[in-house]
């Protein structure tokens, strides 16, 4: 499969500097549809997968917390003043509060959450304010399947917390004080092979369905394709099609993209150019036929 070779160079870079953790279902029962209490807002967090060339990726998610600035509101312009960094997370402030969301802790197979699928991972009521930051807490039962063999995923530096900075563009406003956030667990940037082990340094990328767009299509014939990559000068995202060739890449910023389909089993790579992605829109590229 060539995974070891592909991730080796990334692992050297990772271990030569400090790991930086960024601010990244089908089932909708968490949190329910009850009314929003006075002075509160509701946040629902949905998880999807930016895939990589693995058979299974099991991630142990234990809790999700949210940082809220009660002196501001989600409709206010974003800012870069102190408050969204690890140092200030440790400080007491009269405006900023951490609260936890309702979650089903456990192990999630991220490879089932691709090509447009997502799962409601957490939901709950928070004090009114501006959502600034999400904190994921991971357990130690993470693993990956490569060539039908399971391997443990070791957390880099044993860091169990992953922080995600949230901006206004990342939130869908479903109704008054009712918000939804998508997080893309970018596996191609999160898993590395180094010194005979697989390592996990989670990269979670937030997006909304309103401010971001998507590309979908289908590849033929069967078993002719590998990765699908959508890219431009500032953005790169991947899809790993289902067996019937269907793929969908979500969380794309508006712009013009090229798309590379990697061929397999004797089929040639194919590139499409000048694909326009608009905010809140799904761009369909139809069926793509690969050739030998």
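The values are calculated or read from the model by the stated rules, or taken from the named source; none is laboratory data. All of these numbers come straight from a predicted model, not from anything done at the bench. Cβ: placed from backbone, ideal geometry, glycine included. Neighbour counts: every protein chain shown.
Taking the stretch 54-80, which residues are touching a helix residue (DSSP H, G or I) at 6+ places or on another chain (Cβ under 9 Å) and either buried (at least 17 other Cβ atoms within 10 Å of the Cβ) or at pLDDT 95 or above (or both)?
Within the stretch 54-80, 54, 57, 58, 59, 67, 74 meet the criteria.
A single entry from 198, 238 fulfils the requirement of being in contact with a helix residue (DSSP H, G or I) (Cβ under 9 Å, 6 or more places away or on another chain), within 30 Å of residue 137 (Cβ to Cβ), assigned to a strand (DSSP E or B) and not assigned by TED's automatic domain parsing to the domain that holds residue 140: 238. Do we find a residue being more than 14 Å from the chain's Cα centre (by Cα), crowded, with 17+ Cβ neighbours inside 10 Å and within 30 Å of residue 70 (Cβ to Cβ) anywhere in the stretch 190-211? Yes, because at least one residue in the stretch 190-211 is more than 14 Å from the chain's Cα centre (by Cα), crowded, with 17+ Cβ neighbours inside 10 Å and within 30 Å of residue 70 (Cβ to Cβ). Out of all the residues in the stretch 167-179, is one or more under 17 Å from the mean Cα position of the chain (by Cα), assigned to a strand (DSSP E or B) and modelled with pLDDT of 95 or more? Yes, because at least one residue in the stretch 167-179 is under 17 Å from the mean Cα position of the chain (by Cα), assigned to a strand (DSSP E or B) and modelled with pLDDT of 95 or more.
Among residues belonging to the stretch 241-292 that are more than 19 Å from residue 224 (Cβ to Cβ) and assigned to a loop (DSSP other than H, G, I, E, B), point out the one that is nearest to the chain's Cα centre (by Cα).
Filtering the stretch 241-292 down to residues more than 19 Å from residue 224 (Cβ to Cβ) leaves 250-258, 273-284.
Those left that are additionally assigned to a loop (DSSP other than H, G, I, E, B): 253-254, 278-281.
Values: 253: 14, 254: 18, 278: 20, 279: 18, 280: 17, 281: 19 Å.
The extreme case among them is 253.
Considering the stretch 180-195 alone, what residues qualify as being in a loop (DSSP other than H, G, I, E, B) and either in contact with a strand residue (DSSP E or B) (Cβ under 7 Å, 6 or more places away or on another chain) or outside the structural domain of residue 128 (by TED's automatic domain parsing) (or both)? Correct list: 190 only.
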